[in-house]
1. Say whether the condition of being touching a His at 6+ places or on another chain (Cβ under 6 Å) and under 21 Å from residue 103 (Cβ atoms) is met by at least one residue in segment 175-193.
2. How many residues are surrounded by fewer than 16 Cβ atoms within 10 Å (Cβ to Cβ) and not in a loop (DSSP other than H, G, I, E, B) if we restrict to segment 164-210?
3. Would you mind telling me which numbered condition in (1) under 13 Å from the mean Cα position of the chain (by Cα); (2) surrounded by fewer than 22 Cβ atoms within 10 Å (Cβ to Cβ); (3) of a type outside the set (Val, Ile, Thr) residue 103 fails?
4. I'd like the full set of residues that are without any contact (Cβ under 8 Å) to a residue 40 or more places away in the chain and in contact with an Asp or Glu (Cβ under 6 Å, 6 or more places away or on another chain), limited to segment 188-222.
5. Go through the residues of segment 77-92 one by one and say whether even a single one is of a type outside the set (S, T, N, Q), under 28 Å from residue 207 (Cα atoms) and buried (at least 19 other Cβ atoms within 10 Å of the Cβ).
6. If you check 192, 199, 220, 180, which single one turns out to be closer than 23 Å to residue 60 by Cβ, among the hydrophobic types (A, V, I, L, M, F, W, C) and within 22 Å of the chain's Cα centre (by Cα)?
7. Could you please give the count of residues in segment 271-325 that are part of a loop (DSSP other than H, G, I, E, B), among the small types (Gly, Ala, Ser) and without any contact (Cβ under 8 Å) to a residue 12 or more places away in the chain?
8. Just checking, how many residues over segment 1-39 are of a type outside the set (Val, Ile, Thr) and either under 21 Å from the mean Cα position of the chain (by Cα) or crowded, with 20+ Cβ neighbours inside 10 Å (or both)?
Amino acid sequence: MSDDAPVLVERRGRLGVLTLNRPRAINALDHEMVGIITAALETWADEETVGAVLVQGAGERGLCAGGDIVSLYRAATSGDHAAAAAFWRDEYRMNALIAGYPKPYIAFMDGIVLGGGVGVSAHGSVRIVTERTRIGMPETGIGFVPDVGGTRLLARAPGELGTHAALTGDMLSGADAIALGLADHWVPADRLPALAAALESADPGEAVAAVAQEPPASALAASSWIDAAYAGEDLAAILVRLAAGGDDARRAAGVLALRSPLALAITLRSVRLAAAEADLAQALRREYRVSMHMLGEPDFAEGVRAQVIDKDRTPHWHPVDVADVDPAAIDAAFAE
């Protein structure tokens, strides 16, 4: 495979290596990359000489900055949703494939890991973070909702930590990711090359154990105010409790004031539904319905315009206030 391919597919000993290879875009996922990853995983699943799979990102900035939202923006503004539907269909199938993979699936979650990057890593069986990890699902800031199975991952976090992460889109440290159940092991970034080399022949568990260290304390997990503040299904009540809380709670309230009210309301319901769903497949089917719905809402195109296209950071949401979100608009996002 050419060195300029968007995903480098290699065999190193008994290790299959997938390197996301768009470093200038922090390895953002597009449809072609999803196809390459899926094909390699399906091939290696049946090859006895492949004992494990490693996914990593090219460059120094991170594993993956999420999906190619510029392409999705074009789909939203043109009204031609077929390409977006095909992308999400194949991406979510890839997420399910990773979650049920029959061999150790090792993810180096070093640097930036956002949105679709969570989907390509946090469903794996051996998830490694470092002191450079910054992981998040910032979709509410672009008028969208966490997907790629992210609502299920966050719904299974202790207490309401996942609700806080889903609504605010805050960046999490490697230690936070472990505390929320998004990762398993903390390894210094400068030990990753040696670990990758060891994985070519060693048992993955033994190789990781040889370099893993006790993670630092998670600041987020120590935030005792979160559970009470984010309890329940009433978004307006959550905002009131945050505004009446301490400094950290008020900061969260300020963050949510900048997010799309409609996206916040739909995200909250998504996380609550995910907590009761039977498996990842059910969550992904729901997320697919929600994603396709959000593509047609004005907040998604407006959020991407403000954050990525024009970069004026001043999105004009519809509606502008949580109190004005129509319950019927929330229901519509989950319709079959």
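1. Going through segment 175-193, the residues touching a His at 6+ places or on another chain (Cβ under 6 Å) turn out to be none.
There is no residue in segment 175-193 that is touching a His at 6+ places or on another chain (Cβ under 6 Å) and under 21 Å from residue 103 (Cβ atoms).
2. Counting residues in segment 164-210 that are surrounded by fewer than 16 Cβ atoms within 10 Å (Cβ to Cβ) and not in a loop (DSSP other than H, G, I, E, B) gives 8.
3. (1)
4. none
5. No; the residues of segment 77-92 include none that is of a type outside the set (S, T, N, Q), under 28 Å from residue 207 (Cα atoms) and buried (at least 19 other Cβ atoms within 10 Å of the Cβ).
6. Criteria check complete, one pass: 192.
7. Total meeting the criteria: 1.
8. Residues that pass the stated criteria total 18.
Read-outs: derived from the displayed coordinates by stated rules, not from any lab. Here the structure is a predicted model, which is why all the values come from computation and not from measurement. Backbone-built Cβ (ideal geometry, glycine too); neighbour counts: all protein chains shown.
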